[in-house]
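Colleague: Quick one: the structure is below, and I'll ask about it shortly.
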Amino acid sequence: MNIDLLLKYFPNLTAEQKERFAALDGLYREWNAQINVISRQDIDALYEKHVLHSLGIAKIVSFKPGTEILDVGTGGGFPGIPLAILFPMVDFHLVDSIGKKIKVVQEVSNALGLQNVKAEQIRVEQLNTTYDFVVSRAVTRLKPFLGWIRYKIHKSGNNDRPNGVLYLKGGDLSEELAEVPDRYRVYDLSDYYEEPFFETKKVIYIPKK
């Protein structure tokens with residue numbers, strides 16, 4: 001699939017951004033054949049189920065230059081790599097505990113010439129750095145996830161929203177959210193995208209206390 005689906009929702013991409021987004025299909029097909037980071041049936045829906053889904057975060061916060069973002073459990077680079085293409089003046093640290101997944105992230109990032117991505121094989125609990133936002137895509141239930149990253153977020157930031165967590169998740173989240181003592185807000189991606197895939201997909205925003 002070409003990138004027409006992205007242009008439908010992000011019509012103001014630069015020529016370089018279009019080129020980088022268009023390159024994702026070939027890069028992920030090539031690397032996925034060697035190291036499976038995307039399911040076989042999903043690779044044909046890469047732009048919808050992975051790229052556009054990742055960019056749902058950008059519908060909630062338009063990150064300002066200089067923002068520092070941690071992507072926890074990035075897998076093959078989602079949501080970090082699509083966000084890094086969209087926000088070239090924002091710094092992204094993509095981490096995963098599985099080395100072969102980080103290799104894919106590094107290779108894709110290098111092939112795209114992304115200067116704002118650092119990929120590292122490490123458990124998030126081992127990190128000593130802090131960030132403006134922590135992003136992730138359904139790596140675990142929210143309660144343990146928040147335990148992992150509780151001390152990884154700066155207090156002060158320069159974005160339109162306070163620093164915090166932006167978590168991509170789908171399905172019925174009522175039980176899971178009941179476990180979360182923090183203030184949160186749930187955004188339905190179906191409010192931004194019309195494809196059926198996004199009917200149950202959400203971004204959960206939890207500002208830092």
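The values are calculated or read from the model by the stated rules, or taken from the named source; none is laboratory data. Nothing here was measured: the structure is a model prediction, and the numbers come from that model. Cβ atoms come from the backbone with ideal geometry, glycine included; neighbour counts cover every protein chain shown. In case anyone asks, the SASA skips ligands and DNA or RNA and just uses the protein heavy atoms, side chains included. Shrake-Rupley method; radii C 1.70, N 1.55, O 1.52, S 1.80 Å.
Colleague: Before we move on, is N158 more than 17 Å from the chain's Cα centre (by Cα), open to solvent by 20 Å² or more (accessible area, probe 1.4 Å) and farther than 15 Å from P207 by Cα?
Modeller: Against the criterion (more than 17 Å from the chain's Cα centre (by Cα), open to solvent by 20 Å² or more (accessible area, probe 1.4 Å) and farther than 15 Å from P207 by Cα), N158 does not qualify.
Colleague: Then there's this: Let me spell it out: the conditions are (1) over 24 Å from R141 (Cα atoms); (2) touching a residue at least 40 places away in the same chain (Cβ under 8 Å); (3) out of contact with any strand residue (DSSP E or B) (no Cβ under 9 Å at 6 or more places or on another chain); (4) open to solvent by 20 Å² or more (accessible area, probe 1.4 Å), and K103 meets all of them except one. Which number is the exception?
Modeller: The single condition K103 does not satisfy is (3).
Colleague: Given the condition touching a Phe, Trp or Tyr at 6+ places or on another chain (Cβ under 8 Å), in a loop (DSSP other than H, G, I, E, B) and more than 19 Å from L46 (Cα to Cα), answer yes or no: does some residue in segment 119-131 qualify?
Modeller: Yes, the conditions are met somewhere in segment 119-131.
Residue-wise test of (1) without any contact (Cβ under 8 Å) to a residue 40 or more places away in the chain; (2) open to solvent by less than 80 Å² (accessible area, probe 1.4 Å).
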residue: K118; (1), (2): yes, no
residue: V124; (1), (2): no, yes
residue: L127; (1), (2): no, yes
residue: P144; (1), (2): yes, yes
residue: L166; (1), (2): no, yes
residue: D172; (1), (2): yes, no
residue: R185; (1), (2): yes, no
residue: L189; (1), (2): no, yes
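Colleague: Residues in segment 40-85 that are of a type outside the set (A, V, I, L, M, F, W, C) and without any contact (Cβ under 8 Å) to a residue 40 or more places away in the chain: how many?
Modeller: Count: 5.
Colleague: On to the next question. Looking at segment 28-42, can you tell me whether even one residue there is open to solvent by less than 20 Å² (accessible area, probe 1.4 Å), over 23 Å from D160 (Cβ atoms) and more than 17 Å from the chain's Cα centre (by Cα)?
Modeller: Yes, because at least one residue in segment 28-42 is open to solvent by less than 20 Å² (accessible area, probe 1.4 Å), over 23 Å from D160 (Cβ atoms) and more than 17 Å from the chain's Cα centre (by Cα).
Colleague: Does L7 qualify as being modelled with pLDDT of 90 or more and in contact with a helix residue (DSSP H, G or I) (Cβ under 6 Å, 6 or more places away or on another chain)?
Modeller: no
Colleague: Please find, among G75, G80, the residue that is under 14 Å from L166 (Cα atoms) and not β-branched (V, I, T).
Modeller: Result: G80 is the single residue among G75, G80 that is under 14 Å from L166 (Cα atoms) and not β-branched (V, I, T).
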